[in-house]
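The values are calculated or read from the model by the stated rules, or taken from the named source; none is laboratory data. None of these values were measured; they are calculated from a predicted model. Here the Cβ positions follow ideal geometry from the backbone for every residue, glycine too, while neighbour counts run over all protein chains shown. Protein only, heavy atoms only, side chains kept; ligands, DNA and RNA dropped before computing areas. Shrake-Rupley method; radii C 1.70, N 1.55, O 1.52, S 1.80 Å.
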Amino acid sequence: MTYREGNDGGEEESSTQDGKAPGSKRRAAAAPVVTAGFTPQRHPALTMRFGDRTFDTVYLYYGDHFPESRPRGIAEGWGFAIELPAVLDMLDAVAAGQVKAADAREALLEGVAQLYGPLRCFEDEDEDDQLAFCRARGGCPLCQGERKGWFDALLDSADREWARFTAPEEYPFTAGQNGIHETTCSVVARHNPATYARPTGPTYVEALRRYAHSVDPHSGRSDFDGDQNYPRMHSMTTEEAHQWISKNTGPKGGRNYKRCARCGPAV
């Protein structure tokens, strides 16, 4: 591990007007620049640059300890540790006026944010913290990963089902989890949303977040926050209804479904 310090034009001579001797140095303020990555040995590490002061290959560690005495969100550093020599050098730089304490704090949290996805920190968050982090950062690995594909597929299916449900003259029968109904049946209406439109723009982003941060990948991906907003029941033509009944009838004629007692579908 090395710490580099060089002069790249970030210094200037002070005048006697600021109370310092002629020729003394003053560092120009600069926002910290942080790059997080992994060493060849796969250790998480940061490079943090504050003007002309650079800290290279500062090792971070994650997941060994989550101190109960200092709980906070993982995005705020909980579960992370940093090598002590780097901390001491940063404190020395702060004391010398080379680095602002607020900038050091900002740099460390930026490093955490950059490593949050690669280290899969979200797997250790509860749903509320995951969602808060996602909204604060404008996205997260859950929303931008495979669950986005799941959500888009759900919307494609919802588009198709809504088009069928709203055309009962063409699709007069509807199948639910346990039985078959007429599409105009009140039971079907109760289980489908009153209105539906595919979300777009900011509405899509928020719907995706709600889905990605609440869906249970082990339950057929059908249980999530807001699932009542999407049509799920499958409306069918008469021919498709006959095929559905045949598929759900046992080899000895036993039914593996129920006919709705309310609407009594004649199919």
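What do you reckon, how do TRP78, TRP162 stack up by accessible area (1.4 Å probe), largest on top? Kindly include the intermediate steps, with their values, before the conclusion.
Details: TRP78 65, TRP162 45 Å².
From most accessible down to least: TRP78, TRP162.
Here the extension length gained between ARG255 and VAL205 equals 13.8 nm, from 0.36 nm per residue of separation less the Cα-Cα distance.
The residue among CYS263, ASN229, PRO193 whose Cα reaches farthest toward the positive pole of the charge dipole of region 172-267, with charges on the beta-carbon of Lys, Arg, Asp and Glu, is CYS263. Relative contact order, whole percent, for the chain stands at 13, derived from Cα pairs under 8 Å and 6 or more residues apart. Using the Cβ-Cβ distance between THR54 and GLN144 with R0 set to 30 Å, the FRET efficiency works out to roughly 0.50. With a Förster radius of 41 Å applied to the beta-carbon distance between ALA167 and SER69, the computed FRET efficiency rounds to 0.10. Could you work out which residue, out of ARG210, ARG190, ARG160, moves most in a Gaussian network model of the chain, that is, has the largest mean-square fluctuation with Cα springs under 10 Å? Judging by the Gaussian network model, the answer is ARG190. Dividing the summed helix terms, -39500 (n - 2.57) for each DSSP H run of n ≥ 4, by the number of residues in the chain produces a 222 nm estimate of -10500 deg cm²/dmol to the nearest 500.
Calculated FRET efficiency, GLN41 to LEU91, Cβ-Cβ distance, R0 = 30 Å: about 0.65 to the nearest 0.05.
Taking only alpha carbon atoms, region 74-184 gives an Rg to Rh ratio of 1.34, where Rh is the Kirkwood radius.
With a 1.4 Å probe and every protein chain kept in, tell me what percent of the accessible surface of region 91-203 is carbon plus sulfur.
Accessible surface attributable to carbon and sulfur in region 91-203 totals 49 percent.
Start at zero, step by 10 Å, and the Cα-Cα distances of the chain spread as 6, 21, 20, 15, 13, 11, 8, 5, 2, 1, 0 percent across the bins. Between helix 84-95 and the chain there is an angle of about 60 degrees, using the helix long axis and the longest principal axis of the Cα atoms. In order along region 126-134, the phi-based Karplus estimate (6.51 cos²θ - 1.76 cosθ + 1.60, θ = phi - 60°) of 3J(HN,Hα) comes to 7, 4, 5, 5, 4, 5, 4, 5, 4 Hz; Gly and Pro are listed as x.
In order along region 139-150, the phi-based Karplus estimate (6.51 cos²θ - 1.76 cosθ + 1.60, θ = phi - 60°) of 3J(HN,Hα) comes to x, 7, x, 5, 6, 9, x, 5, 5, 5, x, 4 Hz; Gly and Pro are listed as x. Think of a 1.4 Å ball rolled over the protein heavy atoms: region 128-237 then has 52 Å² of accessible area per residue. For VAL215, the amide hydrogen comes within under 5 Å of the amide hydrogens of ASP225, counting only partners 5 or more places away or on other chains and with H modelled in the peptide plane. Of the whole protein surface, ASP89 contributes about 50 Å² of accessible area at a 1.4 Å probe radius.
Among GLY97, GLY250, GLY149, the residue with the largest mean-square fluctuation in a Gaussian network model of the chain, with springs joining Cα atoms closer than 10 Å, is GLY250. Select from GLY79, GLY176, GLY117 the residue whose mean-square fluctuation is largest in a Gaussian network model of the chain (Cα-Cα springs shorter than 10 Å). In this elastic network of the chain, the residue with the biggest mean-square fluctuation among GLY79, GLY176, GLY117 is GLY176.
Annotation for region 146-223 versus region 246-267: alpha-carbon center distance of 23 Å. Converting phi to 3J(HN,Hα) with the Karplus coefficients 6.51, -1.76 and 1.60 and the offset θ = phi - 60°, region 189-197 yields 4, 6, 9, 9, x, 5, 9, 8, 8 Hz in sequence order, with x at every glycine or proline. For GLY63, the shell of other residues with beta-carbons less than 11 Å away shows a net charge of -2, using +1 for Lys and Arg and -1 for Asp and Glu.
Shown are SER246, SER157, whose ranking by accessible area with a 1.4 Å probe and every protein chain present, most to least, is SER246, SER157. Heavy-atom accessible area with a 1.4 Å probe sorts ILE245, ILE82, ILE74, largest first, into ILE82, ILE245, ILE74.
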